[in-house]
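The structure under discussion appears below in the form of structure tokens.
Rule-based calculations on the coordinates, nothing more; no lab input. These numbers were taken from a predicted model, which means no experiment stands behind them. For neighbour counting, all protein chains shown are included, and Cβ atoms are generated from backbone atoms with ideal geometry for every residue, glycine included.
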Amino acid sequence: MKAIRVREFGQPEVMKLEDVPDFTPGPKQVLVKVKAAGVNPVDAYVRSGSYARKPALPYTPGSDAAGIIEGIGAGVTKAAVGERVYISGTSTGAYAEKALCEESQVHRLPDGVTFLQGAAVNIPYATAYRALFQVAKAAPGETVLVHGATGGVGVAAVQLARAAGLVVIGTGGTERGRELVMRQGAHYTLDHGKGDHLEGLGPLTGGRGVDIIVEMLASVNLDMDLKALALKGRLVVVGSRGRIEIDPRDIMSREAIVLGVLLFKMPEREEATLRAALSAGLANGTLRPVVGQEIPLAAAAEAHRRLMAGGAYGKIVLVP
């Protein structure tokens, strides 16, 4: 079988398509024939060597994919050969023709959801759900700003927030991106390509600010975000690419809370709740992953270059 392998940390070109031995599922393991694999920013950080958690070399990148169960090991009771699934992690890497997963890492993919969409579910929707409901405790009627709403997590956050009865404001750097955000359910959009774009929140919130901000690039936006919060507002950091200087008085004057999200820190019980919510949303059509680019597996390096170039529009997905 074919898989992307990384033998040294570095630029996207360190990812090479290679032949690797087929996998055999062990006890409580499931073998998935990958139809599509999701590309996430964390994949690029790990590949570059800049991420705090580094896998042993060589390794196959990726944690998100969708496909068909091809084999099961002893003791598997909740999955069957032939089932359509999306995966939330893998023992062997998702950028491959096949992936070996623990039984707990495979989740049924409804018939109305394509494999491409299934590959866009795990990290984007789990992150958005956790940020909004398990960390920020979002409630119907509150106003949420999704700062960077055109990528995978942003689209997921817009859909989830709108379905839960929040007033949703999304930002995007292009007209095409902002149109996408509106189609996903945002009530309003702002152009984050303009340095003063958050001044537009005043008329939209009656001058009080927003209750929640979901922030994709805290290293750029955190300082201005804090000034945009309402009293008792919550700011959830989903992504950051470096350091930033802030004025703590912006937090004090609003009695605001700054929170962080990291999926691998999620308790087991909270993950079960999250998966149940995502399964329901996928089944009833509330959650509709948007795939912006479909790229061959062999071109994984190009996928990473596009991912980090900015201007996100939905999800980038690799196809074996």
Item to complete: Just rank Ser50, Ser104, Ser63, fewest to most, by other beta-carbon atoms within 10 angstrom.
Response: Ser50, Ser104, Ser63
Worksheet entry | Of Lys16/Lys78; Lys16/Lys54; Lys33/Lys265; Lys2/Lys315, pairs whose Cα-Cα distance is over 30 Å | Lys16/Lys78
Practice prompt. Mind listing the long-range amide H neighbours of Ala36? Cut-off is under 5 Å, sequence gap 5 or more, other chains count too, H placed in the peptide plane at 1.01 Å from N.
Written response: Ala66
Discussion item. Taking a ≥ b ≥ c as the square roots of the Cα gyration tensor eigenvalues, with a/c under 1.5 meaning rounded and otherwise prolate when a/b beats b/c, else oblate, which class fits segment 1-145?
Written reply: oblate
Discussion item. Defining a contact as two alpha carbons under 8 Å apart and six or more residues distant in sequence, what relative contact order in percent does segment 179-287 show?
Written reply: 18
Practice prompt. Report the local net charge at Leu307: Lys and Arg +1, Asp and Glu -1, summed over other residues whose C-beta lies under 11 Å from its C-beta.
Written response: +2
Worksheet item: According to the square roots a ≥ b ≥ c of the eigenvalues of the Cα gyration tensor, what is the shape class of segment 123-264, taking rounded for a/c under 1.5, prolate for a/b larger than b/c otherwise, and oblate for the remainder?
Response: rounded
Worksheet, complete the sentence: With a Förster distance of 56 angstrom and the Cβ-Cβ distance between Arg208 and Glu302, calculated FRET efficiency to the nearest 0.05 equals 0.80
Worksheet, complete the sentence: Percent relative contact order for the chain, counting Cα pairs under 8 Å at least six residues apart, stands at 18
Practice prompt. With a point put 7 Å past each Cα toward its Cβ, work out how far Glu199 is from His187 in nm, to one decimal.
Written response: 2.3
Discussion item. Run the helix sum for the chain: -39,500 (n - 2.57) per DSSP H stretch of 4+ residues, divided by residue count, reported at 222 nm to the nearest 500 deg cm²/dmol.
Written reply: -8000 deg cm²/dmol
Worksheet entry | Label-point separation, Asp111 to Glu18 (7 Å along Cα→Cβ), nm | 4.1
Discussion item. Output wanted: per-residue J couplings in Hz (rounded whole) for segment 248-257, from phi through Karplus 6.51 cos²θ - 1.76 cosθ + 1.60, θ = phi - 60°, x for Gly and Pro.
Written reply: x, 5, 5, 6, 4, 5, 9, 6, 7, 10
Worksheet item: By average Cβ neighbour count within 10 Å, what is the ranking of 287-294, 27-34, 273-280, 191-198 from highest down?
Response: 27-34, 287-294, 273-280, 191-198
Worksheet item: Taking the Cβ of Val106 as the center, what net charge do the other residues with Cβ under 15 Å away carry, scoring Lys and Arg +1 and Asp and Glu -1?
Response: +2
Worksheet item: Taking amide H positions as placed 1.01 Å from N in the peptide plane, with prolines and chain starts having none, which residues 5 or more places from Leu259, or on another chain, fall under 5 Å of its amide H?
Response: Leu235, Val236, Val237
Worksheet entry | Whole-angstrom gap from segment 126-175 to segment 196-263, using each part's C-alpha centre | 14
